[in-house]
Amino acid sequence: MEVYLDNSATTKPAPAVVEMMTKALTEEWYNPSALYRPAMEAEKKLSSARKTCLKAAGASGQRLIFTSCGTEADNIAICGYLRSLHQPGRVLILNVEHPAVLNCAQEAERLGYSVEHIPVDHRGVADLAKLESMLGEDVRLICVMQVNNETGAIQPIEEIVRLKQRLCPKAAVHVDGVQGFLRVPFDFNKLGVDSYAFSGHKIHASKGVGALIVRKGHKVSPVIFGGGQEDGYRSGTENMPGILGMGEAVSIYPADAPAKMAALKRRLYDGLMKSIPQAVLNGPELDDPAAAPHILNVSLPPVRSQTMLFALEGDGIYVSAGSACSSHKQKVSSVLTAMGLTNAMADCALRFSLCAENTEEQIDYVIARVKAHYDLLSKYTRR
Ligand code: PLP
């Protein structure tokens, strides 16, 4: 049996998405900026995909810029905003952000801003009391992700926006929604954030497409210059197959997917905890409202995650040790150590990330195989 539990790294494109993309490549391949009929039809489809994505994020009426990925959307939101501001001050970044956000810090510093990191508690959730003590009139931008990619911790965006309104109302708030979009409720207009990034390949669309939603009136300078597509915010002929595929993925995303994933996550967690008493959860408890439905991170000491990962691969089970983007580097997860884990515990962490297509049968198989490997490997692991 093959069981893919690495959906936070990427998801399998849905058949309807593949169909839509194939049509865009074979029949509707015209340039949406051109003026003849088939091109104008393509432009209509582009506009419809834009509206679909805006609506799904509760952002109807705002601006949406299609990008090549979530990373590019984060870069436009952060670097593009800071470049347009010309006002020195502080930028606050949650210390467990993805590198797509964290690594914008160097550019922020080059532009003259000072960067500070917002700490998290033991669950991996932003420490609001500490954040409150950091806020002041000189804060220009706060970056906080919707859901952490390693632990599934949902960040308290509503409370953060409330604090910001009270203590630094002119500061902007950017939310990286790459791991949260569609899987955790998000209402852009109600929350009053300034920008929101997401990515196609995490929601059963293809790689090579993402988007940034920007509140109307919030300024961002382009980071790519050229022919002025996307209202001048992101030049380059639009990736029509990717964009139309992402529009399709958003419109068919099942409303019951989060509940299905949450039930599977519960089954996996209960099964692992029951069969391996040494297992330790990293992240919010499952009944904590800060727990996302699709990501489960557990340490299985003393077995190192790399060892377990390769053992599971032999059974056709694909999971991740830490986040996929950093898994080629032999480095302990900075997300887990920021939550207070020792290097040794972080080194034993496995991330299981689900999609609604996973089944109970798959989960039971995974529990049985993890248990079997654990019983053997733990005997031969010396720390
Ligand atoms: N932000 C988060 C939280 C992510 O998990 C990822 C990718 O895993 C990204 C940003 C980057 O997205 P992309 O792969 O589309 O560039």
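The values are calculated or read from the model by the stated rules, or taken from the named source; none is laboratory data. Just so it is clear, the structure is predicted and the values come from calculations on it, not from any experiment. Every residue, glycine as well, gets a Cβ built from its backbone with ideal geometry; the counts of neighbours run over all protein chains shown. The area values use the complete protein model at the heavy-atom level, side chains included, leaving out ligands, DNA and RNA. Shrake-Rupley method; radii C 1.70, N 1.55, O 1.52, S 1.80 Å.
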(request) Kindly indicate whether residue 321 is buried (at least 19 other Cβ atoms within 10 Å of the Cβ) and in contact (Cβ under 8 Å) with a residue 24 or more places away in the chain. (result) yes
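Can you confirm whether residue 215 is in contact with a helix residue (DSSP H, G or I) (Cβ under 9 Å, 6 or more places away or on another chain), more than 25 Å from residue 121 (Cβ to Cβ), modelled with pLDDT of 95 or more and of a type in the set (D, E, K, R)? Reasoning before the result, please.
Numbers: in contact with a helix residue (DSSP H, G or I) (Cβ under 9 Å, 6 or more places away or on another chain): yes; more than 25 Å from residue 121 (Cβ to Cβ): yes; modelled with pLDDT of 95 or more: yes; of a type in the set (D, E, K, R): yes.
So residue 215 fits the description; yes.
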(message) I'd like to check which helices (runs of 4 or more DSSP H) are fully inside region 157-260 and have at least 1 residues that are free of Cβ contacts under 8 Å to residues at least 12 places away in the same chain, of a type outside the set (S, T, N, Q) and more than 19 Å from residue 9 (Cα to Cα).
(response) 157-167
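For every residue, the table says whether it meets (1) away from the ligand (no atom under 16 Å from the Cβ); (2) at pLDDT 95 or above; (3) assigned to a helix (DSSP H, G or I); (4) in contact with a helix residue (DSSP H, G or I) (Cβ under 6 Å, 6 or more places away or on another chain).
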| site | (1), (2), (3), (4) |
| --- | --- |
| 16 | yes, yes, yes, yes |
| 44 | yes, yes, yes, no |
| 55 | yes, yes, yes, no |
| 61 | yes, yes, no, no |
| 71 | no, yes, yes, yes |
| 76 | no, yes, yes, no |
| 82 | yes, yes, yes, yes |
(message) Go through region 207-240 and report how many residues are within 16 Å of the ligand (Cβ to nearest atom), under 20 Å from the mean Cα position of the chain (by Cα) and surrounded by fewer than 21 Cβ atoms within 10 Å (Cβ to Cβ).
(response) 2
(request) With respect to residue 50, determine if the residue is more than 25 Å from the chain's Cα centre (by Cα) and open to solvent by 40 Å² or more (accessible area, probe 1.4 Å). (result) no
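Quick one: count up the residues across region 18-42 that are open to solvent by less than 50 Å² (accessible area, probe 1.4 Å) and in a loop (DSSP other than H, G, I, E, B). Full working, then the answer.
Within region 18-42, the first condition is being open to solvent by less than 50 Å² (accessible area, probe 1.4 Å), and the residues that meet it are 21, 24, 28, 32, 34, 38-39, 42.
If we keep only those that are in a loop (DSSP other than H, G, I, E, B) as well, we get 28, 32, 34.
The number of residues fulfilling the criteria is 3.
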(message) I'm checking my understanding of the structure. Among residues of region 113-135 that are open to solvent by 60 Å² or more (accessible area, probe 1.4 Å) and part of a helix (DSSP H, G or I), which one is nearest to the ligand (Cβ to nearest atom)?
(response) 130
(request) Confirm whether residue 277 is within 16 Å of the ligand (Cβ to nearest atom), open to solvent by 10 Å² or more (accessible area, probe 1.4 Å) and assigned to a loop (DSSP other than H, G, I, E, B). (result) no
(request) Would you tally the residues in region 261-274 being open to solvent by 30 Å² or more (accessible area, probe 1.4 Å) and touching a residue at least 40 places away in the same chain (Cβ under 8 Å)? (result) 1
(message) I'm checking my understanding of the structure. Among residues of region 95-112 that are surrounded by fewer than 22 Cβ atoms within 10 Å (Cβ to Cβ) and over 20 Å from the mean Cα position of the chain (by Cα), which one is farthest from the ligand (Cβ to nearest atom)?
(response) 112
